[in-house]
Structures are given as C-alpha cells and as structure tokens.
Amino acid sequence: MNRRNFFSGAATAVAAASVSRVALAALPEPALQTSADTAPPLHPPTGRPYNPVVTLNGWTAPWRMNAGVKEFHLVAEPVVREVAPGFVVNMWGYNGQSPGPTIEVVEGDRVRIFVTNRLPEHTTIHWHGQRLPNGMDGVGGLNQPGIQPGKTFVYEFEARRPGTFMYHPHADEMVQMAMGMMGLWITHPNVGKGAAHPHIAKVQRDYAFLLNAFDVEPGSLTPKVNTMLDHNIWCFNSRVFPAISPLVARQGERVRIRVGNLTMTNHPIHLHGHEFEVTGTDGGPVPKSARWPEVTTDVAVGQMRQVDFIADEPGDWALHCHKSHHTMGAMGHSVPTMIGVDHRGLVGKIQKIVPDYMVMGERGMADMGAMEMPLPDNTFPMMTGTGPFGPLEMGGMFTTLKVRADQRAGDYRDPGDFKQPPGTQAYEWTGAPASTPRPARTDTPGTAPGAANARKPAASGHPH
Amino acid sequence: MSAIHRLSLLGAVAFLAGCASVSPDGLRGDVAALTAGRTGGVQAALPAADPAARAQAQQSIQGWLAQPLTQDAAVRIALLNNPGLHARLAALGVADAERVQAITLPNPHLALGRFTNSQEREIERTLSFSLLDLVTLPWRTARQAERMQVATLQTAQEVVTLASDTRRAWLRAVAAEQVAAAHERMAEAAETGAELARRMARVGNWSRLQLAREQAVLHETRAQLARARLAAATEREQLSRRLGVWGLQAQYRLADQLPALPATALPADGIEATALRERLDVQAARRQLDTQAIRQGWSRVGAVFGDIGLAYTRNTTTERATGERDVKRGWELDLPLPLFDWGGAARTRAQAEVEQSAAQLQDTAVRARSEVRSAWRTYRTALDLARQQQGEVVPLRQFISDETTLRYNGMLASVWELLAEARASTQAVANAIEAQRDFWLAETDLQLALTGTSPGALQGLTSGAAATTTPQGH
Ligand SMILES: [Cu+2]
C-alpha cells in the first residue's frame with residue numbers, strides 16, 4: 001500500500017455521469033472514493049464538534065447540513081476493491097469501495113441518509129445497533145419494501161445513543177454481505193466544551209475497522225457467495241496483511257480501537273505488548289466497574305468491540321486475529337500434510353513429469369513464505385509480508401500497532417520499522433552448544449510412543 | 001486343293017493364333033501400369049519374374065529395414081515381399097497361359113485307316129478341322145483378352161488393397177507404439193504418486209485408505225500400460241505379416257511418429273467423378289460387361305452352327321490283285337442339324353449374363369459413389385477431430401497442468417493433484433495420437449476409394465473419441 005498518499009487529502013471525487021442529475025436534483029451529491037488507502041480523519045466542518053475516527057483503509061462520508069439535518073448519500077453499487085496490491089476482487093459496496101464510508105455523527109444529531117440502489121437486485125440498509133423508529137430499521141419485507149434497482153430511499157432518525165455501530169443490507173443479505181456490503185457508523189458522545197462523558201474517555205487516536213471475509217477461488221475475481229465458513233481471504237476492512245495500514249500512536253497516547261465482525265465466525269482479536277479494556281460494545285459504553293484487563297477480545301459474529309489502552313510501550317506490535325488460518329492468504333484446506341515425508345529419489349521423477357515441480361512442505365510450510373514461486377493470476381499468497389528480520393509468513397487479519405516516542409500528535413504516517421534499543425532483542429546463544437541431542441523420535445514412525453510393537457514375533461526373533 | 005491354298009489356310013490360322021503368345025512377365029507390367037499412382041503416392045515396384053531382379057529387390061528390402069521404417073518403405077517392402085501377392089501374381093501368369101491355350105486353335109485331326117478285303121486295300125486319310133473354332137477365333141481371342149484384362153484389373157486391385165492395408169498397419173503400429181510410450185509416462189506418474197503415498201503412510205501423515213486410493217490408481221494405470229504394450233505388439237505383428245518378414249527381418253525399428261496433419265483438407269468437389277473414372281473395380285466391371293457383350297455375339301454363331309466340322313479326305317484304294325490305285329479326294333462338312341437345340345438356351349444365358357454384368361457395373365458404380373462420399377466425410381471429420389485434439393485439447397490439458405503447478409506452488413493443490421493432471425495431460429496426448437492415426441486411416445480409405453477399389457468396411461472414428469480419464473482429485 002502506498003502510505004505516502006496518506007495525507008494527499010481525502011481522495012474523494014464527485015460522482016458525475018452515473019446517476020441522473022435530474023433524478024438526484026434534490027439529493028446531496030454522493031461522494032466517491034477511488035483509493036483503498038486510509039484517509040485522514042475528517043474533522044467536522046459543520047455541525048457539532050467531535051474527535052473523528054480513522055477508518056483503516058477506509059474513509060468517512062462527507063455530509064451536508066440541511067435545515068439542521070445531517071444529510072448523507074450512500075450509493076449501493078458494484079465495485080472493484082483492491083484487497084492487496086495486485087489482488088483485486090469484484091465486490092458490492094457503497095460509493096466506490098467496500099466497506100462503504102464510515103458515517104460519523106454526534107449523539108442527538110438528526111440524520112437523513114439517502115440510499116440509491118445501483119445493484120442488479122433490490123437492497124435495504126439495516127442500521128445495526130441503533131435506536132430508531134421501526135420503519136427505519138431496514139429489514140426488507142418486515143420494515144420496508146426492498147429498494148429496487150435505480151431507486152433511492154430515504155432513512156431519517158435521530159442518533160440517540162453514542163457508540164460504535166455498523167450498517168449492512170438486510171435484503172438478500174447472505175449474498176450482499178458475502179459480496180462486501182457493509183460500513184461503520186460511529187456516534188460520538190455529545191459533550192460540551194471541556195465536559196466529559198462518564199463512560200467514554202477522550203482518546204488521542206481512534207481507529208475503526210470491520211472484520212470481513214471472502215471466498216475467492218485462486219485465479220478468479222468474484223467471491224463465492226455460497227461459502228459459509230471455508231473462506232480464504234480474511235480482512236480488516238476488505239484488506240489483507242501486508243496491505244492493511246498500521247495503527248500508529250505516540251508513546252503515552254490513549255488509543256481506541258473499534259472492531260466490528262460481519263463474517264460468519266468469531267475472531268479473537270489480540271494485541272501484543274499492551275493490555276486493554278473493552279470499553280464499549282454495540283450495546284453502548286461499558287461501565288468502568290464492568291471492565292477487566294485483556295490482551296485478546298473475542299469479537300463474536302455480528303458484534304462490535306471498542307477497546308481502550310495507553311500506548312506506552314514503544315515498538316511495532318502485532319495486532320491480529322488469533323485463529324491462525326485467519327492470518328493466512330489463500331490456502332488449500334485439503335492439501336495433505338507432507339511434514340517428515342522423505343522425498344529422496346522422487347523429486348527427479350516428478351520433475352520429469354512436471355518440470356516446474358519443487359518440494360514443499362517436507363519440513364513444514366514455512367518454505368512457502370520464503371520461496372517466491374509463481375502463483376495463479378489474481379491470487380493472494382498463503383504467506384506473504386516481510387519485516388526487518390525476514391518473511392512474516394502471514395497474510396489476512398494481521399497488522400501492527402506502531403508506538404513511537406517521537407510520533408507527532410495527529411500524525412498518522414507510518415514511521416517505518418522500529419529501531420530496537422541495543423540489548424532489547426532476542427539473540428542467539430553463542431556459548432557452549434547444548435548437550436548431545438536425544439534422537440528426534442525413539443518410537444517407530446506412525447505408532448504411539450511406548451505402544452506395543454505389532455510385529456512382535458519378528459522383532460523378538462522367535463524361531464519358527 | 002493346291003498347296004498354295006493349303007498354305008494360305010494354315011497361314012491364316014497361324015496368324016490368328018499368333019496373338020496368343022504368353023506374356024513373358026506374367027502380366028506384371030500390366031499390373032504395375034494399372035497400380036501406378038494408386039499406391040498412395042509411392043513408386044513401388046512389384047516382384048520381378050527374373051531372379052536377378054529379385055535378388056536386387058531383397059537387397060533394397062534389407063536397406064529399408066535397416067532404417068527406422070517409414071510408411072512408404074513399408075508399402076515398398078510389402079509389394080515386393082508379401083507372399084500372398086507373389087501367389088496372386090503367379091496365378092495371373094497361370095491364367096495368362098490358360099488364355100493362350102484357350103485361344104490356340106485345336107490341332108487338326110488326322111485320321112488314318114487301312115482297310116482290306118479280298119480285292120482291295122483301302123487307305124483312308126482324313127484331315128479334319130473344327131470350323132467353328134476358326135470362325136469364332138476372333139471373338140474368342142477378344143473375349144480371352146478381355147478376361148485377362150479383368151483378371152489383371154483384379155490383381156491390380158489386390159495390389160492397391162495390399163498397399164492400403166500396409167499403410168493402415170503401419171499407422172496402427174506406429175500409433176500404438178507412441179500410445180504405449182504415453183502410457184509408460186502415465187504409469188511413471190502413478191508410480192511416483194504411489195511411492196510418495198507409501199512414504200506418507202509410513203510416517204503417519206496418511207491413512208491406509210488414502211494410501212489404498214493411490215495404489216488403486218497405480219494398478220489401474222499399470223493395467224492400461226499392459227494393454228497398451230500388447231496392442232503395440234499386436235499391431236506390429238499385423239504389419240510384419242503385410243511386409244512378409246520374419247525372424248531377424250522382423251526386428252525392424254518403426255519410425256517414431258505419424259506424419260503431421262495436412263494444412264489443408266482435400267476438397268469434396270468432383271470426388272465421385274474421379275472415383276468412377278479411376279477406380280479399378282469400376283473399370284473391371286465395365287470390362288466384364290464388354291466381355292459378356294462379345295460373348296453374346298459369339299454365342300449366336302455357336303448356337304446356330306453348333307460344332308461345324310470341316311474335313312479333307314484323301315482315300316487311296318489299291319487293287320490287291322493288280323496293284324491299281326484309285327485315289328479319292330474330297331471335302332467333308334459335318335453340320336449339326338438344329339433340330340432340337342436351336343441355341344435358344346445358350347442365347348438366353350448369354351443375354352442374362354450381359355444383364356448380370358450390366359447390373360454389376362451399376363452396383364459397383366453406385367457403391368463407388370457412396371463409398372467415396374462416405375470416405376470423404378470420415379476423412380473430413382477425422383481431420384477436424386485430430387486438429388481439435390492436437391490444437392485445442394492437448395494445449396488445454398497442458399494449461400490445466402501448468403495452472404495446477406501454480407496452485408501447487410501456492411499450497412492450494414497437492415502433489416497428487418499435480419501427478420493426476422500430468423496423467424490426464426499424457427492421456428490427452430495419447431488421444432491426440434489416436435486421432436491423428438484415425439485421420440491417416442481415413443485418408444488411406446479415401447485414397448483407396450478414390451482411385452483404387454472399395455475400401456470395404458470404412459474405418460470408424462471410435463478410438464479417437466476415447467473418453468479422457470478424469471484425474472482423481474485428492
Ligand atoms: Cu479470525
């Protein structure tokens with residue numbers, strides 16, 4: 001990812017030809033995002049003040065004030081999302097990207113959202129976690145008819161309660177969410193000058209992202225919408241490591257991370273080097289008395305978690321899902337384990353039949369991270385990403401929290417690799433070698449240690 | 001009758017009989033002339049009658065067999081060396097001798113008699129001669145010539161058929177060897193997979209079920225290889241039989257590939273006309289009809305006159321007492337009276353034979369037209385199928401193999417999938433070889449149907465359509 005473009009301004013463009021100007025004459029212009037980079041926080045130009053969030057590899061939707069009402073315009077449409085450089089996926093999203101733009105409002109704001117449908121089928125939007133009139137809840141068939149292709153619907157309600165929320169379709173949702181239709185909604189607390197919310201601390205950095213997953217057949221472009229669990233692209237905001245922006249903080253800053261899960265499985269999100277507290281869910285802020293320290297929080301399906309911590313340990317700290325398959329790129333889940341299989345004498349034979357064959361997996365799969373072997377077109381490698389000390393052998397739901405003493409306040413630029421102070425890194429033992437290692441296995445391969453030998457007569461040498 | 005008269009009669013007979021000399025090469029030259037350009041574009045000699053030329057031919061055969069055997073060389077060897085063809089050519093020589101015998105005038109009969117009574121001694125000399133034989137000699141000569149032409153045409157058909165059969169046998173033998181080689185590669189891939197599977201099971205990574213599946217693949221592949229090797233050996237024997245070789249000579253090496261597919265297909269325009277003009281079986285049927293028509297003319301004469309005998313008699317009677325001689329000379333014409341057999345049956349028979357021949361000609365012509373159309377269609381389809389297999393299916397299979405390798409690289413596919421795809425790729429190559437062979441078999445049929453004779457049952461295209469074995473995924 002091109003992090004140098006971070007401050008090149010909100011890469012928004014105004015949609016021109018695609019929606020009839022006559023039809024939308026009274027509508028706010030829908031803002032369009034063409035870049036998958038992380039946009040800088042959008043400080044509110046109008047309306048009540050708040051501290052904006054940074055959407056990882058995303059952006060915040062601009063709005064217009066109309067007689068005291070905040071008006072947004074979301075356009076549901078097919079998009080091509082750059083999930084990693086060189087790996088793009090046909091998705092459905094909003095305003096040029098999946099996920100759609102983050103909607104940021106302040107507690108008490110009256111919000112009017114125009115939703116235009118440019119998908120080939122009807123859609124709706126459900127405002128996950130909001131208190132709102134029943135007719136605005138967006139469940140197709142229950143609360144409203146579907147928004148037919150080409151039509152625009154208007155949702156209007158008051159953002160009654162501060163917190164971290166999501167929006168997503170509730171019409172053919174299995175398909176539409178498998179195709180990437182989702183976005184974040186942040187309602188900031190309404191605090192006057194200098195006042196503080198009793199359960200919502202003021203933070204210097206406020207990051208937000210959604211967990212989403214896709215099943216993209218290696219070499220293809222469009223997710224398989226019928227996959228339930230066996231996905232191969234595990235994302236933060238439809239991006240995979242190493243293409244996910246790092247979270248940056250100045251040492252000592254209070255940092256908030258908001259995570260929502262719109263996949264079909266849970267994700268234990270784990271932060272290294274710090275402990276945090278879960279300070280909020282999509283049910284609202286957690287009272288201080290109910291919080292406990294954690295380094296991992298499991299974000300269940302359809303949930304949001306807001307964690308706060310003080311970034312007091314300088315370094316590059318991993319932030320990832322703790323399910324190891326979720327920090328991998330596309331992999332063959334039915335590929336057999338080759339560990340310990342002797343390939344001697346066979347490699348040449350296989351190469352005679354398949355000239356480009358290379359042995360892999362004989363010692364484990366780490367070879368994969370080191371070897372740069374050609375893959376099918378548009379295929380995200382199973383292992384990718386390199387750090388200062390070599391291959392990270394990860395892809396998917398993985399990024400870093402970069403804490404620096406000299407990072408300027410409000411500067412979100414990637415400070416580069418952490419320079420570990422001398423004497424603070426694990427090192428190789430150079431003293432006397434370990435005593436003679438015991439044999440790796442004392443039992444017969446394929447049998448349990450200490451198991452009775454099945455070939456007893458032959459082994460014990462009884463004469464016949 | 002004066003001596004001059006007598007001589008002129010004998011001269012006429014001798015003249016008529018003169019065209020009835022035996023062909024010195026047993027008509028091989030005629031056969032060769034008929035088969036020229038009909039043995040699939042190869043100039044192939046027929047076995048010579050003379051021993052020196054035969055020895056020369058054996059040397060050539062040795063030379064051809066020392067090289068990897070090409071299709072043309074196979075045809076050359078078969079035409080020189082096939083014992084069946086030797087027998088057939090010899091039979092043609094026999095028939096020629098019989099022809100000459102048949103049209104040689106029967107020797108005149110000389111009857112001598114010596115009769116005595118008390119007064120006289122009588123010596124009878126009668127030189128008799130079948131007049132009918134003489135009268136019908138031109139017809140019979142022509143008829144025998146026609147019959148020999150038919151026989152020559154038939155022998156020529158056997159030559160072109162042998163040439164075609166040899167071509168087919170060569171195509172089948174070469175293709176079978178190539179297919180067997182492909183099966184060896186497939187078996188190698190399966191063996192490697194099975195060996196790796198054994199090692200997988202040995203270290204506990206695979207169950208016995210998974211191992212058994214790979215071993216089943218191996219055994220299936222090995223069985224296929226055994227069948228392919230048998231097919232190669234059988235086809236080679238078929239070719240050896242056509243070539244008429246055995247022992248050391250049968251240890252020739254075959255050329256290692258079939259001829260490439262032609263860039264352009266033979267057009268279908270005018271093929272029926274070509275077949276009617278060029279085909280030897282059509283020509284033979286036409287000759288047969290001509291012969292029958294001639295025979296009909298002859299049968300009319302024969303029917304009316306039956307066996308007319310002409311005899312010259314000179315009887316000498318000697319008075320035993322006086323020794324006085326009395327010489328009696330005279331002609332005697334022996335004429336059957338057409339009292340009972342007016343030749344109607346013979347005429348009807350001849351008429352029916354003409355009709356039969358006419359019908360046979362028509363039948364042959366209709367068959368020739370149909371066969372050449374059918375052969376062309378098979379040829380065209382075979383070409384399209386072979387091009388598809390070679391130009392589309394094999395590259396597709398290769399692409400699938402390559403893509404599977406890429407998936408293997410990404411640990412998205414296993415080495416067994418890779419090996420299974422390699423087997424499928426090789427199977428596609430084997431299918432392409434068979435399709436190419438089928439095309440050349442169809443081409444041989446078409447050439448035979450166009451200029452030679454009936455190719456008999458046309459080669460089907462079943463083998464090339466052999467289903468590609470889908471690799472077992474893991
Ligand atoms: Cu996960």
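The values are calculated or read from the model by the stated rules, or taken from the named source; none is laboratory data. All values derive from a computational prediction rather than experimental measurement. Note: ideal-geometry Cβ built from the backbone for every residue, glycine included; neighbour counts use all protein chains shown. Ligands, DNA and RNA are stripped out before the accessible areas are found, and what is left, the full protein with its side chains, is counted by its heavy atoms. Shrake-Rupley method; radii C 1.70, N 1.55, O 1.52, S 1.80 Å.
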Residues satisfying the stated conditions in region A:378-426, i.e. of a type outside the set (Phe, Trp, Tyr), over 18 Å from A:Gly252 (Cα atoms) and not in a loop (DSSP other than H, G, I, E, B): A:Thr384, A:Gly385, A:Thr386, A:Gly387, A:Gly390, A:Pro391, A:Leu392, A:Glu393, A:Met394, A:Gly396, A:Thr399
Can you list residue pairs whose Cβ atoms sit under 9 Å apart, with the first residue in region A:226-251 being within 20 Å of A:Val88 (Cα to Cα) and open to solvent by 10 Å² or more (accessible area, probe 1.4 Å) and the second being more than 12 Å from the ligand (Cβ to nearest atom) and among the polar types (S, T, N, Q)? Count only pairs 6 or more apart in sequence or on different chains. A:Phe241/A:Thr384; A:Phe241/A:Thr399; A:Phe241/A:Thr400; A:Pro242/A:Thr384; A:Pro242/A:Thr386; A:Pro242/A:Thr399
Condition check: among the acidic types (Asp, Glu) and within 30 Å of B:Arg367 (Cβ to Cβ). Does B:Asp269 satisfy that? yes
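Give the residue, chosen from B:Gln398, B:Gln459, B:Gln389, B:Gln447, that is open to solvent by less than 50 Å² (accessible area, probe 1.4 Å) and at pLDDT 90 or above.
After applying the criteria, what remains is B:Gln389.
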If I go through region A:381-397 residue by residue, how many of them are open to solvent by 10 Å² or more (accessible area, probe 1.4 Å) and either in contact with a helix residue (DSSP H, G or I) (Cβ under 7 Å, 6 or more places away or on another chain) or within 11 Å of chain B (Cβ to nearest Cβ) (or both)? 6
Report whether or not B:Gly193 is assigned to a loop (DSSP other than H, G, I, E, B) and either at positive phi or not polar (S, T, N, Q) (or both). no
Test A:Thr297 against the criterion of being assigned to a strand (DSSP E or B), within 16 Å of the ligand (Cβ to nearest atom) and without any contact (Cβ under 8 Å) to a residue 60 or more places away in the chain, and give yes or no. yes
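Can we say A:Pro246 is in contact with a Gly (Cβ under 8 Å, 6 or more places away or on another chain) and more than 16 Å from the ligand (Cβ to nearest atom)?
Details: in contact with a Gly (Cβ under 8 Å, 6 or more places away or on another chain): no; more than 16 Å from the ligand (Cβ to nearest atom): yes.
Considered against the rule, which asks whether it is in contact with a Gly (Cβ under 8 Å, 6 or more places away or on another chain) and more than 16 Å from the ligand (Cβ to nearest atom), A:Pro246 comes out as no.
Listed residues B:Arg114, B:Arg99; which is open to solvent by less than 40 Å² (accessible area, probe 1.4 Å) and among the charged types (D, E, K, R)?
Numbers: B:Arg114 fails: open to solvent by less than 40 Å² (accessible area, probe 1.4 Å).
None of the other options fit; the residue is B:Arg99.
Give the residue, chosen from A:Asp342, A:Asp377, A:Asp367, that is within 10 Å of chain B (Cβ to nearest Cβ), farther than 20 Å from A:Ile244 by Cβ, acidic (Asp, Glu) and in contact (Cβ under 8 Å) with a residue 24 or more places away in the chain.
Details: A:Asp342 fails: in contact (Cβ under 8 Å) with a residue 24 or more places away in the chain; A:Asp367 fails: in contact (Cβ under 8 Å) with a residue 24 or more places away in the chain.
Going through A:Asp342, A:Asp377, A:Asp367 in turn, just one is within 10 Å of chain B (Cβ to nearest Cβ), farther than 20 Å from A:Ile244 by Cβ, acidic (Asp, Glu) and in contact (Cβ under 8 Å) with a residue 24 or more places away in the chain: A:Asp377.
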Could you tell me whether B:Arg380 is open to solvent by 50 Å² or more (accessible area, probe 1.4 Å), over 30 Å from B:Gln296 (Cα atoms) and touching a strand residue (DSSP E or B) at 6+ places or on another chain (Cβ under 9 Å)? no
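Can you confirm whether A:Glu29 is assigned to a loop (DSSP other than H, G, I, E, B) and among the acidic types (Asp, Glu)? Give the steps one after another, and end with the answer.
Numbers: assigned to a loop (DSSP other than H, G, I, E, B): yes; among the acidic types (Asp, Glu): yes.
For A:Glu29, the condition - assigned to a loop (DSSP other than H, G, I, E, B) and among the acidic types (Asp, Glu) - is met.
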Regarding A:Val347, is this residue more than 7 Å from chain B (Cβ to nearest Cβ) and either within 16 Å of the ligand (Cβ to nearest atom) or free of Cβ contacts under 8 Å to residues at least 24 places away in the same chain (or both)? yes
Count - residues of region A:264-284 that are outside any strand (DSSP E or B) and open to solvent by 10 Å² or more (accessible area, probe 1.4 Å): 8
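Being among the β-branched types (Val, Ile, Thr) and closer than 25 Å to A:Pro415 by Cβ is true for just one of A:Val307, A:Val278, A:Val301, A:Val335. Which residue is that? Full working, then the answer.
Details: A:Val278 fails: closer than 25 Å to A:Pro415 by Cβ; A:Val301 fails: closer than 25 Å to A:Pro415 by Cβ; A:Val335 fails: closer than 25 Å to A:Pro415 by Cβ.
Of A:Val307, A:Val278, A:Val301, A:Val335, the one residue that is among the β-branched types (Val, Ile, Thr) and closer than 25 Å to A:Pro415 by Cβ is A:Val307.
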Filtered residue count, region A:141-167, keeping only those that are assigned to a strand (DSSP E or B) and touching a strand residue (DSSP E or B) at 6+ places or on another chain (Cβ under 6 Å): 12
A careful count of residues in region A:300-343 that are of a type in the set (Ser, Thr, Tyr), within 14 Å of the ligand (Cβ to nearest atom) and open to solvent by 30 Å² or more (accessible area, probe 1.4 Å) gives 1
Every residue in region A:353-364 that is more than 8 Å from chain B (Cβ to nearest Cβ) and either under 26 Å from B:Arg185 (Cα atoms) or touching a Lys or Arg at 6+ places or on another chain (Cβ under 8 Å) (or both), please. A:Pro355, A:Val359, A:Glu362
Contact list please: Cβ distance under 6 Å, first residue in region A:415-443 and farther than 30 Å from B:Val203 by Cα and at pLDDT 95 or above, second residue open to solvent by less than 90 Å² (accessible area, probe 1.4 Å) and of a type outside the set (S, T, N, Q), pairs at least six apart or on different chains. A:Pro415/A:Lys402; A:Pro415/A:Arg404; A:Asp417/A:Pro388; A:Phe418/A:Gly315; A:Phe418/A:Asp316
Any idea which of B:Gly40, B:Gly11 is touching a Lys or Arg at 6+ places or on another chain (Cβ under 7 Å) and at pLDDT below 85? B:Gly40
Scan region A:344-368 residue by residue and report those that are open to solvent by less than 20 Å² (accessible area, probe 1.4 Å) and within 31 Å of the chain's Cα centre (by Cα). A:Met360, A:Gly361, A:Gly364, A:Met368
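Quick one: in region A:322-335, of everything that is out of contact with any Phe, Trp or Tyr (no Cβ under 7 Å at 6 or more places or on another chain) and touching a residue at least 40 places away in the same chain (Cβ under 8 Å), which residue is nearest to the other protein chains (Cβ to nearest Cβ)? Break it down stepwise before answering.
Filtering region A:322-335 for residues out of contact with any Phe, Trp or Tyr (no Cβ under 7 Å at 6 or more places or on another chain) gives A:322-325, A:328, A:331-335.
Going one step further and asking which of them are touching a residue at least 40 places away in the same chain (Cβ under 8 Å), we end up with A:322-323, A:325, A:328, A:331, A:333.
Working: A:His322: 22, A:Lys323: 18, A:His325: 12, A:Met328: 10, A:Met331: 6, A:His333: 9 Å.
Ranking the qualifying residues of region A:322-335, first place goes to A:Met331.
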State which residue is farthest from B:Thr234 (Cα to Cα) when the search covers only region B:178-203 and only residues that are open to solvent by 10 Å² or more (accessible area, probe 1.4 Å) and facing another protein chain (nearest Cβ under 9 Å). B:Val203
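Tell me, please, whether a residue that is free of Cβ contacts under 8 Å to residues at least 24 places away in the same chain, more than 30 Å from A:Thr399 (Cβ to Cβ) and either in a loop (DSSP other than H, G, I, E, B) or not hydrophobic (A, V, I, L, M, F, W, C) (or both) can be found in region A:67-75. So that I can check it myself, show each step before the final result.
Going residue by residue through region A:67-75, those that are free of Cβ contacts under 8 Å to residues at least 24 places away in the same chain are A:67.
Filter once more, so that each one left must be more than 30 Å from A:Thr399 (Cβ to Cβ): A:67.
If we keep only those that are either in a loop (DSSP other than H, G, I, E, B) or not hydrophobic (A, V, I, L, M, F, W, C) (or both) too, we end up with A:67.
Yes; the residues of region A:67-75 include at least one that is free of Cβ contacts under 8 Å to residues at least 24 places away in the same chain, more than 30 Å from A:Thr399 (Cβ to Cβ) and either in a loop (DSSP other than H, G, I, E, B) or not hydrophobic (A, V, I, L, M, F, W, C) (or both).
Of B:Ala435, B:Ala382, B:Ala442, B:Ala430, which residue is within 27 Å of B:Val282 (Cβ to Cβ), away from every other protein chain (no Cβ under 14 Å), out of contact with any Ser or Thr (no Cβ under 6 Å at 6 or more places or on another chain) and of a type in the set (A, V, I, L, M, F, W, C)? Break it down into steps so the answer makes sense when it comes.
Numbers: B:Ala435 fails: within 27 Å of B:Val282 (Cβ to Cβ); B:Ala442 fails: out of contact with any Ser or Thr (no Cβ under 6 Å at 6 or more places or on another chain); B:Ala430 fails: within 27 Å of B:Val282 (Cβ to Cβ).
Matching residue, one of B:Ala435, B:Ala382, B:Ala442, B:Ala430: B:Ala382.
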Every residue in region B:124-133 that is aliphatic (A, V, I, L, M) and open to solvent by 50 Å² or more (accessible area, probe 1.4 Å), please. B:Leu127
